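The values are calculated or read from the model by the stated rules, or taken from the named source; none is laboratory data. All values reported here derive from a predicted model rather than from experimental measurement. A quick note on method: Cβ atoms are made from the backbone with ideal geometry, for glycine too, and the neighbour counts reach across all protein chains shown.
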Amino acid sequence: MRALVLVPVLTRARAASEDAPRSAQRVSLHSPEDRLAESTGLAEAIDLDVAEARLVSVPQPRPATLFGSGKVEEIADLVKDEDVGLVIVDHTISPVQQRNLERAWNAKVLDRTGLILEIFGRRARTREGRLQVELAHLSYQKGRLVRAWTHLERQRGGRGFLGGPGEAQIELDRRMLDERIIAIRRELEGVVRTRELHRKGRRKVPYPVVAIVGYTNAGKSTLFNRLTQAGVMAMDQVFATLDPTMREVRLGSGRRIILSDTVGFISDLPTQLVAAFRATLEEVIGADLVLHVRDIAHSETDAQAVDVEHVLRDLGVETDAASGPILEVWNKVDLLSPVTREEAQAAARFRSHKPVLISAASGDGLDRLLARIDARLGAADEIVSVRVPASEGRLVAWLHENAEVIARETQDDGTLDVRVRIASEKKQRLLNALGRAGLTPNV
């Protein structure tokens, strides 16, 4: 389908209508040009043929159409000339505005929230993902239902318990939506219970959970694949990953972690999606460490970082670099010029939280990243020295498998002096293994 992408540029920092949510009233930190490029990418993510993408100045938002009458007519001519069947308005528009614009342009109109919901609907692969997207879509439709049918109520009224056809249709649609929403929530409750059982199982092991978050297309899945050798789909496309994936990774200290790849964030992420995907994002909420992956080569990297932090705060995750569980990962350094790369390295050194510069595509810097993850998770690690007889080969193998061997020295009689760094949660297992062998550690 041929599509037209429009990005309204409001010259006054106020919402287009009283119906706009509070999230839409926040002043965007992204430039209009970046919003236009992002909106075009969103449209292309669902295989739309973008006939044209343009910025549209809106000096005074109109309650009925958002755009002024002259601009509406101009766009109507463009829609007709380009044979456009879908117009994407990168802004929150009310049901009344949507209906009026569709009539004026004789084409389907989608706002930013509706477009993102369409993309999520295509990207969901698992049953859980599809349920979450459907819940978000139904919640979105329900919120727009009342005003969408007001034109029918005006056509024929009713009194008492016998309403007009518009009122009857509203009640019918609302009841159907409510019933489906309740059914989906019940199914998702089962998903939440299953996930909690899995989390309890991991806590018994226990393996720390490291969650990867970031703006969409920041390179999260590429990094995940590099670290885990997994085959997660990684494409130069927004929302390439929707359903969460988890894999085990062994660090240099012998510590095993669970690495979790999550859905990408985006500016003005619809509140319906944040609510619907809360079960999935609980892996982020309960993570021991959160890797905030940033596309450092993107011109809007700082604005994207602010958007991600906003969503994390909404989820209840502490985003303060000094006290929170956040480790910033500056990705795509391979796309920087030598001069810009040196500037980024200098900037990272002066940051209090010391971000890690990497290229997930080439593998540059991944050893440093794994070492930083190990160090952050190993703040409570302990150093243990033990003398192992030559006959205890299995114990030596266990030490190499479960701890970081700092030093080892073989004596003349074959006895091995080993010094290891071990996670505090594994120390008791080491003591038990030594006790069975009749050995005593030197802490």
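Brief remarks on what is shown
- Here the condition is being surrounded by 18 or more Cβ atoms within 10 Å (Cβ to Cβ) and touching a strand residue (DSSP E or B) at 6+ places or on another chain (Cβ under 8 Å); of ARG421, ARG408, ARG387, it holds for ARG421 alone.
- Residues of the stretch 369-400 that turn out to be more than 24 Å from the chain's Cα centre (by Cα) and of a type in the set (D, E, K, R), as a count: 5
- Applying the set (1) within 27 Å of LEU269 (Cα to Cα); (2) among the hydrophobic types (A, V, I, L, M, F, W, C); (3) crowded, with 18+ Cβ neighbours inside 10 Å to LEU336 leaves exactly one unmet item: (1).
- Filter result for GLU102 (out of contact with any helix residue (DSSP H, G or I) (no Cβ under 8 Å at 6 or more places or on another chain), surrounded by fewer than 16 Cβ atoms within 10 Å (Cβ to Cβ) and not assigned by TED's automatic domain parsing to the domain that holds ARG174): yes
- Test: residue in the stretch 79-86 that is surrounded by fewer than 21 Cβ atoms within 10 Å (Cβ to Cβ) and either farther than 23 Å from GLY41 by Cβ or outside the structural domain of GLY41 (by TED's automatic domain parsing) (or both): yes
- Some residue of the stretch 349-361 being over 20 Å from the mean Cα position of the chain (by Cα), under 15 Å from VAL293 (Cβ atoms) and assigned to a loop (DSSP other than H, G, I, E, B): yes
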